[in-house]
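Following: one structure in structure tokens, then a few remarks.
The values are calculated or read from the model by the stated rules, or taken from the named source; none is laboratory data. In this text, all values refer to a predicted model and were calculated from it rather than measured experimentally. Backbone-built Cβ (ideal geometry, glycine too); neighbour counts: all protein chains shown. These area figures cover heavy atoms from the full protein model, side chains too; ligands, DNA and RNA do not enter into them. Shrake-Rupley method; radii C 1.70, N 1.55, O 1.52, S 1.80 Å.
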Amino acid sequence: MNVDNTIFSENKASFAHLQKVLSKQYDNVSILVEKTSGRNYRFSKSGTTIKDNTFSNTGAVIRLNSSIGLYEYSFNDFSSDFMNTIPSIISENISKYNSQSLISDFRIPDSSDEFISFNKSTTYEINPADMSDSDITSKLSDIYSKAMQYSDSIIDCVCIFQYLNIHKMFLSSNKDLEQHLMWSNGVLQPLATKDDKTHYFLQTFSTLGGAELLDEMNCDVSYACKCVTELLDSTPPVPGEYDVICLPDVTGLIAHEAFGHGVEMDMFVKDRALAKSYMNKQVASSLVTMHDNAATCNECGSYFFDDEGMISNDTVIIEKGILKSGINDLQSADILNVSPTGNGRRESYERKAYTRMTNTYFESGTDTLEEMIKSIKYGFLLENAASGMEDPKNWGIQCMVNIGREIKDGKLTGKIFSPICLSGYVPDLLKSITMVSDKLELSGCGYCGKGYKEWVKVSDGGSAIKARVKIS
């Protein structure tokens, strides 16, 4: 089924009228309207928690060019009485400033004369909003029970399901756009203990869809339980440089941290990203092609247009090892004189648009995972990414991984090392890639902050890669 695309029908005419009224006085007037709603469910030994999704909100933001530069005004009162007062409110606010006290010297670039109009929706099988809270928590309880029955060493299992319905409308003189999206996430996190050791394993599930994800979670309990019990016999690795195979979740963490944040072009403007000096130069193995793609992925970072009204895009960041493009918002694209990539995103209607990632991943290759394992004399198979840090200014990267499976003479020995800290200089890591698997996987359970704030939904992943890395 398609996500409901009629949610703006009642008041769309009011917003269109407001845009036309403001356009008589200001240039490049646009209005972004959003209505988002969803729920978070958590079931564990400590009890059940149900609350609204953090990103649930309703509001609008007006953006325009004025005598003082770029001006934005956000509001959440959609009554006709209030909306009729908005032109005078904006006029009064702008009059408080003069040309010497610019809010921003950036002005929204003139758009193409071509008129674009569409109303698009994503699809789902089961609408979680049609399910009762007890129906959803009952399914999570079943998953919890299966995990607890797997082994006596498992002392708890956190089971999470969350979803968000996203409705956005963008109106300007040459755009009439609507998008209606639904994403769902699941988390299965068993906790196991033995003697004085306690470990967890985090398995995530995501889709650009609905509560059908709960059935997928229910069918896949044993893998997380097996892994967490294996971790009870793990030991820390001996620090050194090793050949490793990164499974897609670790590959995705590398993509996100290394050439996700590193190619956000608002950082180019501030000279805070080394990638600015490496455009059209080799930064990775010729086997590496990397995308940021909001347009064609069935994952949580997808959309039909960004929060600045730019149509979503598949941006090839690295092509066969050559750094081809960054990602940008309208302001950074204008300052750097490059084409917009459709990556201007807001945490909400109340927040500024920044350059942000969407679905960031390495393209698949031609090798099988079995061939990759056979090629390693001694090293590790890395899985279950935990966290990462990056330094766009100096291209340093550090990724925490929960499991390193020992490979000796081309075979998995069954021995597990944990925790694993993977680190190094980004181009060295990417240039060391010698094999890329033929299967592509993405996961969208994460959020991305601009530093420590401005959170948006993203996904990342790719195929398995073989590389040479420093481990500690």
Check: Between Q398 and I335, what length in nm is gained on full extension when 0.36 nm per residue of separation is reduced by their alpha carbon distance?
Finding: 19.6 nm
Check: Separation of the stretch 278-302 and the stretch 343-366 by C-alpha centroid, Å?
Finding: 12 Å
Notebook entry, point to check: Given the C-alpha centroids of the stretch 160-236 and the stretch 383-405, what is the distance between them in whole angstrom?
Noted result: 20 Å
Check: What nm value, rounded to one decimal, do you get for the distance between N57 and K377 when each label is placed 7 Å out toward the C-beta?
Finding: 5.5 nm
Check: Based on the Cβ-Cβ distance from D215 to A16, what FRET efficiency comes out when R0 is 30 Å, to the nearest 0.05?
Finding: 0.15
Check: Across the stretch 1-148, how many lysine pairs, 8 or more apart or on two chains, come within less than 29 Å at their alpha-carbon atoms?
Finding: 17
Next item on the list: Using Cα Rg over 2.2 N^0.38 Å as the read-out, say which of (i) 0.99; (ii) 0.92; (iii) 1.05 was calculated from these coordinates.
Entry: (iii)
Note to self: Place a point 7 Å from Cα of K270 in the direction of its Cβ. Which residues in the stretch 376-407 have their backbone N less than 12 Å from it?
What the structure shows: 392-393
Check: What FRET efficiency, computed as 1/(1 + (r/R0)^6) with R0 = 56 Å and r the Cβ-Cβ distance, is obtained for Y223 and E92, rounded to the nearest 0.05?
Finding: 0.40
Margin query: Can you tell me the length gained on complete extension of the stretch R107 to F82, counting 0.36 nm per residue apart and subtracting the Cα distance?
Written below: 6.3 nm
Checklist line | ³J(HN,Hα) computed for each position of the stretch 401-406 - Karplus, 6.51 cos²θ - 1.76 cosθ + 1.60, integer Hz, glycine/proline x | finding: 10, 7, 9, x, 8, 5
Item checked: Nearby lysines by direct alpha-carbon distance to K470 (threshold 22 angstrom, same-chain neighbours under 8 apart not counted) -> K374, K377, K393, K408, K411, K415, K431
Next item on the list: Return, ordered by residue number, the residues of the stretch 232-253 whose backbone nitrogen is under 13 Å from a label point located 7 Å along Cα→Cβ of S423.
Entry: 239-241
Check: Given A385, F304, M83, which one lies farthest toward the positive end of the charge dipole of the chain, if we put +1 on the Cβ of every Lys and Arg and -1 on the Cβ of every Asp and Glu?
Finding: A385
Check: Per the helix-only calculation at 222 nm, which mean residue ellipticity applies to the chain, given -39500 (n - 2.57) for every DSSP H run of n ≥ 4 and division by its residues, nearest 500 deg cm²/dmol?
Finding: -6000 deg cm²/dmol
Check: Can you tell me the accessible area per residue over the stretch 325-441, all protein chains present, probe 1.4 angstrom, in square angstrom?
Finding: 42 Å²
Margin query: If I stretch the segment between S117 and T235 completely, what's the gain in nm (0.36 nm per residue apart, minus their alpha carbon distance), one decimal?
Written below: 36.7 nm
Next item on the list: From largest accessible area down, sort L369, L140; use a 1.4 Å probe on the protein chains.
Entry: L369, L140
Notebook entry, point to check: Largest first, what is the accessible-area ranking of L253, L382 with a 1.4 Å probe?
Noted result: L253, L382
